[in-house]
Amino acid sequence: MGNLASMSTGEANEHQRRFTEKMWENRQNRRKNNIDRSRSGLNFELLRGGKQVPLGSEKSIKQRIAERYKEAGIQDPNVERMERYKAKGEVYTGKPYRTICELILSGNADFMRNLAFGDQKVDMTKGADNSHLVLHPEIIKWAKDVYKALAKRYGEENIVSFVVHVDESSPHVHCCILPIYYDENKGRNRVMYRDTF
């Protein structure tokens, strides 16, 4: 579990594999690259209602975060704080509020690859061509079960991103949660990171 004040465009693009051709080339040339581009087309994400869509085919994660704030009728507390300081002619230099929780969910690598590909042969050699692989329905079922459990616990409206990567060594989920709830004491919606996590 990671806590973030915001999500950088670079991290959001990596989650959704929104890479230009040059970015793919740079990534493939990295010594520690662990993304198999030939399997990237099998990645997917789940939207509200557990709707499965191809990865990167919908709005960016940054857009979804902005929309969640708007839907809740509040502003990002970090932006709000910066504006308060700016109005006073000051610059805020303290730590930002934690607003986003990123969960990475997976399991044993062999088990997860079996969920994703069944008994198909996956060549884990760097640069191997695995374009023959077909996504196994068990990984979709697993992802939907995890999504339902998180939606029940944190509120489906707070899941701003639920990305399933099957193009790395072990299939996994990146789930970004923006915990906005109604605060009875303050009488309004607000990010309740510390109370939630």
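The values are calculated or read from the model by the stated rules, or taken from the named source; none is laboratory data. The model shown is predicted, which means the values in this text are computed figures rather than measured ones. Cβ atoms come from the backbone with ideal geometry, glycine included; neighbour counts cover every protein chain shown. Remember, those area values only see protein heavy atoms, side chains included, never the ligands or the DNA or RNA. Shrake-Rupley method; radii C 1.70, N 1.55, O 1.52, S 1.80 Å.
Quick look at the values:
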| item | result |
| --- | --- |
| Residue match in segment 117-125 (condition: within 30 Å of residue 194 (Cβ to Cβ) and among the aliphatic types (A, V, I, L, M)) | no |
| Residue among 65, 61 that alone is open to solvent by less than 60 Å² (accessible area, probe 1.4 Å), within 15 Å of residue 164 (Cα to Cα) and touching a strand residue (DSSP E or B) at 6+ places or on another chain (Cβ under 7 Å) | 61 |
| Residue that is modelled with the lowest pLDDT [pool: residues in segment 10-27 that are open to solvent by 60 Å² or more (accessible area, probe 1.4 Å) and over 15 Å from residue 165 (Cβ atoms)] | 26 |
| Output for segment 80-100, where each listed residue is free of Cβ contacts under 8 Å to residues at least 12 places away in the same chain and among the β-branched types (Val, Ile, Thr) | 91, 93 |
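Yes/no per residue for (1) within 18 Å of residue 52 (Cα to Cα); (2) surrounded by 12 or more Cβ atoms within 10 Å (Cβ to Cβ):
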| residue | (1), (2) |
| --- | --- |
| 110 | no, no |
| 120 | no, yes |
| 134 | yes, no |
| 140 | yes, yes |
| 150 | yes, yes |
| 162 | yes, yes |
| 169 | no, yes |
| 178 | no, yes |
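For (1) among the aliphatic types (A, V, I, L, M); (2) under 23 Å from residue 64 (Cα atoms); (3) free of Cβ contacts under 8 Å to residues at least 60 places away in the same chain; (4) out of contact with any strand residue (DSSP E or B) (no Cβ under 6 Å at 6 or more places or on another chain), each residue gets a yes or a no:
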| position | (1), (2), (3), (4) |
| --- | --- |
| 120 | no, no, yes, yes |
| 133 | yes, no, no, yes |
| 136 | no, no, yes, yes |
| 139 | yes, no, yes, yes |
| 142 | no, no, yes, yes |
| 149 | yes, yes, yes, yes |
| 153 | no, yes, yes, yes |
| 187 | no, no, yes, yes |
| 197 | no, yes, no, no |
